[in-house]
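Visitor: I'd like to ask you about the structure that follows.
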Amino acid sequence: MDLIRTSRLIYEKWPRAKSPPLNVKSDRYSLNDTIVIFNRIRENMRGQRWAQFAAVVNTGVNQTLSRTLLTTGSTLLVVVALLLFGGDVLHDFAFALLVGMVAGTYSTIFIANPLLVYGFMWRAARATRSVVGAVDPS
């Protein structure tokens, strides 16, 4: 989803920009952040098996939020410097990375984790329905 959003914004702003490899690079940056957060959630599930899943996800996001924001912030400083001082050659490159990193960080924190909780709740509700349906009331 980040790849589509970044591509659309780049091609609207600069139709001459040829940057699919850059979009893939920024998408991988987002994927790495998502994996780090999901790994922390998996580790927290070991110690908090009986806790609510949404609370475990919230704890995992809070534990990795500072790392995610510091990593993105320090990388954004370099990308903004490239955007401002890089000249025409690096301008499209820096813009693609900037949009991809912002969109990727946003989707990692605010889209991927709620989808994980929603999927877990949907799966649990579906499993409950199948167990209830399997019981013979007579």
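Visitor: Could you count how many residues in the range 64-83 are aliphatic (A, V, I, L, M) and loosely packed, with under 11 Cβ neighbours inside 10 Å?
Guide: The initial filter retains those residues of the range 64-83 that are aliphatic (A, V, I, L, M), namely 65, 69-70, 76-83.
Now drop any that are not loosely packed, with under 11 Cβ neighbours inside 10 Å, which leaves 70, 77.
Looking only at that region, the number is 2.
Visitor: Then there's this: Going by the structure shown, is residue 58 modelled with pLDDT of 90 or more, of a type in the set (S, T, N, Q), surrounded by fewer than 14 Cβ atoms within 10 Å (Cβ to Cβ) and part of a helix (DSSP H, G or I)?
Guide: Numbers: modelled with pLDDT of 90 or more: yes; of a type in the set (S, T, N, Q): yes; surrounded by fewer than 14 Cβ atoms within 10 Å (Cβ to Cβ): no; part of a helix (DSSP H, G or I): yes.
So residue 58 does not fit the description; no.
Visitor: For the range 84-102, what are the residues that are under 22 Å from residue 62 (Cβ atoms) and buried (at least 20 other Cβ atoms within 10 Å of the Cβ)?
Guide: Within the range 84-102, the first condition is being under 22 Å from residue 62 (Cβ atoms), and the residues that meet it are 101-102.
Once the filter is applied, which keeps residues that are under 22 Å from residue 62 (Cβ atoms) and buried (at least 20 other Cβ atoms within 10 Å of the Cβ), the range 84-102 yields only 101.
Visitor: Here's another thing I want to ask about it. I need the full set of residues from the range 44-98 which are aliphatic (A, V, I, L, M) and touching a Lys or Arg at 6+ places or on another chain (Cβ under 6 Å), in order please. Can you show your working first?
Guide: Applying the first criterion (aliphatic (A, V, I, L, M)) to the range 44-98 yields 45, 51, 54-57, 61, 65, 69-70, 76-84, 89-90, 94, 96-98.
None - no residue of the range 44-98 is aliphatic (A, V, I, L, M) and touching a Lys or Arg at 6+ places or on another chain (Cβ under 6 Å), so the list stays empty.
The values are calculated or read from the model by the stated rules, or taken from the named source; none is laboratory data. This one's a predicted model, so the numbers in the text were calculated from it and none came from an experiment. Note: ideal-geometry Cβ built from the backbone for every residue, glycine included; neighbour counts use all protein chains shown.
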